[in-house]
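Visitor: Shown below is the structure under consideration.
The values are calculated or read from the model by the stated rules, or taken from the named source; none is laboratory data. Only a predicted model underlies this, so the values are computations on that prediction, with no experimental measurement involved. Here Cβ is always computed from backbone atoms with ideal geometry, including for glycine, and neighbour counts include all displayed protein chains. Ligands, DNA and RNA are stripped out before the accessible areas are found, and what is left, the full protein with its side chains, is counted by its heavy atoms. Shrake-Rupley method; radii C 1.70, N 1.55, O 1.52, S 1.80 Å.
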Amino acid sequence: FYAKAGDYLIDLGIPDAYHVQVFRLQQAQLQNLMNLNSQSRFKDRLLAHRSLLVPLTVQESSQHSAQEILVHYRTHGKTPLFMRLFPKEIFLERDTIDNVLNGIVIGCLLVVIPLLVIGFQSVQNRNYRIYAALVITNLAFLLQIDGYSFQFLWPDSPDWNMRMPHLIACNVMFWHVLFAIQFLQMRQRLLSLYLWHVASLWIIIPAFFLELFWDIEEGIRFLMACYTALAMVTAYRALRQQIPAARFYFIGT
């Protein structure tokens, strides 16, 4: 890329990675800009930010020469990077807006949870409490993938941070299964799918405990893909049978 002289930030677009090395190639010289791995703590970052940022300064003498950034990395689920280069001032403005929008979403979820747990107690319907647990786990997943958890909750526990996306994903699936069974009254209306969901629980629970001690990321990704397909089939079958709650379940899924 070519850039005017000034201070820039490269946003790698991810909150963490198993490893990430960033190099700057300029005039046949290689400069190491970042070198982090799965054991790096939050304070090891170049900038104390929830996303992985690489500061870059372009000197007046080099602004007309081509500058090449090389990145070697491994992310969760082998997700590709969506890197963006920002002038420092522009990034700070956008980051402020992003934090405000995230705060609105998180605030709304925090309001919904007590309403579901307490506000509907008189209904005597545990669907609301199961749905509240589903909201809580989705909130935890949002905080994790946006990098807030590593920054504020466990900045000195990188290994735990690496496992959390998969552990939270197992919890999301667990509560989604329970919610689907109760909400769609599967035992009475969709018996075959009810048995598939019960079988899913017997896979999700051991997967959660295995991930606590061993890295089984590929297995959990496969489990997530399979359950997503099962949820979509369930939504379709529920719509076909005109179950009253089917549309809400379909949209949520």
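Visitor: Checking Q241 against (1) open to solvent by less than 40 Å² (accessible area, probe 1.4 Å); (2) touching a residue at least 40 places away in the same chain (Cβ under 8 Å): exactly one of these is not met. Which one?
Guide: Q241 satisfies every listed condition except (1).
Visitor: Among A229, A180, which is of a type in the set (A, V, I, L, M), open to solvent by 50 Å² or more (accessible area, probe 1.4 Å) and either modelled with pLDDT under 95 or within 20 Å of the chain's Cα centre (by Cα) (or both)?
Guide: Answer to the selection: A229.
Visitor: Among the numbered criteria (1) touching an Asp or Glu at 6+ places or on another chain (Cβ under 9 Å); (2) of a type in the set (A, V, I, L, M, F, W, C); (3) surrounded by 14 or more Cβ atoms within 10 Å (Cβ to Cβ); (4) outside any strand (DSSP E or B), which single criterion is violated by L46?
Guide: Of everything listed in (1) touching an Asp or Glu at 6+ places or on another chain (Cβ under 9 Å); (2) of a type in the set (A, V, I, L, M, F, W, C); (3) surrounded by 14 or more Cβ atoms within 10 Å (Cβ to Cβ); (4) outside any strand (DSSP E or B), L46 misses just condition (1).
Visitor: A further question on this structure: Quick one: which of F86, F150 is of a type in the set (F, W, Y) and touching a Ser or Thr at 6+ places or on another chain (Cβ under 9 Å)? Before the answer, list the steps.
Guide: Numbers: F86 fails: touching a Ser or Thr at 6+ places or on another chain (Cβ under 9 Å).
Checking each option against the conditions leaves just F150.
Visitor: Moving on. Report yes if some residue within the range 69-80 is loosely packed, with under 12 Cβ neighbours inside 10 Å and either modelled with pLDDT of 90 or more or closer than 30 Å to Q185 by Cα (or both); otherwise report no.
Guide: Yes, because at least one residue in the range 69-80 is loosely packed, with under 12 Cβ neighbours inside 10 Å and either modelled with pLDDT of 90 or more or closer than 30 Å to Q185 by Cα (or both).
Visitor: Of the residues F91, F86, which is part of a helix (DSSP H, G or I), in contact with a strand residue (DSSP E or B) (Cβ under 6 Å, 6 or more places away or on another chain) and in contact (Cβ under 8 Å) with a residue 24 or more places away in the chain? Before the answer, list the steps.
Guide: On the way: F86 fails: part of a helix (DSSP H, G or I).
Answer to the selection: F91.
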